[in-house]
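What follows is a set of notes on a single structure, which appears directly below.
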Amino acid sequence: MSAIVPHPLEPMLPALPTTILPAITALTTSLGIPRTVLASDEEIQYAWRDLPRELRDVPVALRGELVARMCVAVSTGLFDGAMNYIWNAAILQLRTKVRNFGLPIVAQITQSDFEEKHLLELQDSRLLELCLKLNLVNEDGFFFLDQCRDVRNNFSAAHPTLGTVNDREFTTFLNRCVRYALADASSPKGVDIGAFISAVKGARFNANQCGVWVHRLGETHDAQRQMLAGMIHGIYCDPNTSEPSRLNAFDICNSLKAGFTSALRSDLINKHSEYAAKGDEPRHTASLQFFEKLGLLTLLNESEQHAVFYRAVERLWNVHNGMNNFYNEPPFAERLLELSRQGAVPETVQETFVQVVVCCNVGNRYGVSWAAATSYDQIIKSFSPREIATMIRIASSPATTLGQRLSSFPSCRQRFKQNLALIDPASVPSGVKADYEKFLK
């Protein structure tokens, strides 16, 4: 069996001097008390052996006076004193995290006065609850640290004890204090909610101003970021919101969307669904636009995706059949291209989608909107095998608009052959392969 190699970050503690353990025995003998009232030599040696492994996760900056005192206490078997020292170090670090988060922001969240004196007067149990609320510790951390608090109150040198702890119980206590309070030296900073909302609702952001707020939201924790993202989604969807404010809200979310957690996405969907459930059509419509512009349509249910795609296809078709279509089509074609890149087109609108795109791309007897053709080409290149089969099937039917154009106008037939050339032959389903080859001739 190979020997365990020390971790490079483990502190190199000195070996216990041969004088310490005999001195403990000599002390108890001189006082006339049993040696068993203190930790045994074996317990001290095992606790000392495990110290480097536990302390390696404590940042060097936090290995201060209290950690040194804890080590001295362990070396003499005073586990009750060692627990008190490491617990105090953990509490000081949690206070630092709250302080760095921002006491004025804590006051906003708790809706009560909260200054330095309030932080210092806060009982350990209340401090843990506050850290959980601020997401400075997670639920696991709160549970285990609260257990440590109870152990410290009843078995450490801080109060008259109910009993003693052995080396394994102490090491477990140390591990939890390190893991959930001391190991992570980073301190997320809270965002001033009032200032943030005022900024979003104010004048149009310049690039620097937007970057500052995105940076601040990036530095805070997931829970506050989720809350603020929900608030600016609400601002965006409010029909009374000015257009500059709506654009500010979108810019913030668009810059943060790559880091959206599953919980944040779920929260946005829940808010969106609430608008639909309440029949709040203006907010629901704005929320659909919000998801569409962020490229998050796939988060919506299929019926809502259908509605978004269908409206986009319908508007393009109306413009294509209207006056000055060659000049008016490009923005509608570009929008449909953007939508198609967000995910698969819902099956319920797929046939209409394919027919409109291909019809627009082959044009009519007067020609084609060349400015929109680039968008159509890109959509067709991305057609799925099912959409390719639909395209060829529609083209083969004289009853469809596309089929009528192909049978009536040579220019449309030529353009359709060019459309087929955009498709990889390997993607053509076998069921339409014969018609595909026939059109290419």
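The table below lists the values:
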{"item": "Acute angle (nearest 10 degrees) that the helix 167-177 long axis makes with the longest principal axis of the chain, alpha-carbon atoms", "result": "40"}
{"item": "Per residue Cα convex hull volume in Å³ - calculated over the range 87-149", "result": "71"}
{"item": "Nearest-0.05 FRET efficiency for Ile269 and Gln147, computed from C-beta distance (R0 25 Å)", "result": "0.10"}
{"item": "Crossing angle, helix 281-294 versus the chain [Cα axis fit, 0-90 degrees, rounded to tens]", "result": "80"}
{"item": "Rounded to 10°, Cα long-axis angle of helix 124-133 versus longest principal axis of the chain", "result": "10"}
{"item": "Cα→Cβ-extended label distance, 7 Å offset, between Ala307 and Ala258, nm", "result": "3.2"}
{"item": "Separation between Cα centres of the range 103-160 and the range 17-42, rounded to whole Å", "result": "37"}
{"item": "Cα centroid separation, the range 218-276 to the range 418-440 (Å)", "result": "44"}
{"item": "The range 296-361 versus the range 43-60: alpha-carbon centroid distance in Å", "result": "64"}
{"item": "Pair-distance profile P(r), taking every C-alpha pair of the range 356-396, with 10 angstrom steps and integer %", "result": "29, 53, 19, 0"}
{"item": "For Ile44, net neighbour charge (Lys/Arg +1, Asp/Glu -1) across residues whose Cβ lies under 15 Å away", "result": "-4"}
{"item": "Mean separation of Cα contacts under 8 Å, 6 or more apart, over the residue count of the chain: relative contact order %", "result": "10"}
{"item": "Non-local Lys pairs in the chain, i.e. 8 or more apart or on different chains, that have alpha carbons under 22 Å apart", "result": "22"}
{"item": "Segment Thr374-Gln414, extension gain: residue separation times 0.36 nm, minus the distance between their alpha carbons", "result": "12.7 nm"}
{"item": "Gain upon complete extension [Gln209, Arg335; 0.36 nm per residue less C-alpha separation]", "result": "42.5 nm"}
{"item": "Cα radius of gyration and Dmax for the range 20-182 (Å)", "result": "17.7, 59"}
{"item": "Counted charge near Cys253, where neighbours are those whose Cβ lies closer than 12 Å (Asp, Glu -1; Lys, Arg +1)", "result": "+4"}
{"item": "Distance histogram for the range 301-441 (every C-alpha pair counted, 5 angstrom bins, percent rounded to whole numbers)", "result": "2, 11, 21, 24, 22, 14, 6, 1, 0"}
{"item": "Kirkwood Rh in Å, taken over all unlike Cα pairs in the range 191-299", "result": "13.9"}
{"item": "Where N is the number of residues in the chain, Cα Rg divided by 2.2 N^0.38 Å", "result": "1.53"}
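Throughout, read-outs are computed from the coordinates displayed, never taken from laboratory work. Predicted model, so just to flag it, every value in this text is computed and none were measured. We place every Cβ from the backbone using ideal geometry, glycine too, and count neighbours over all the protein chains shown.
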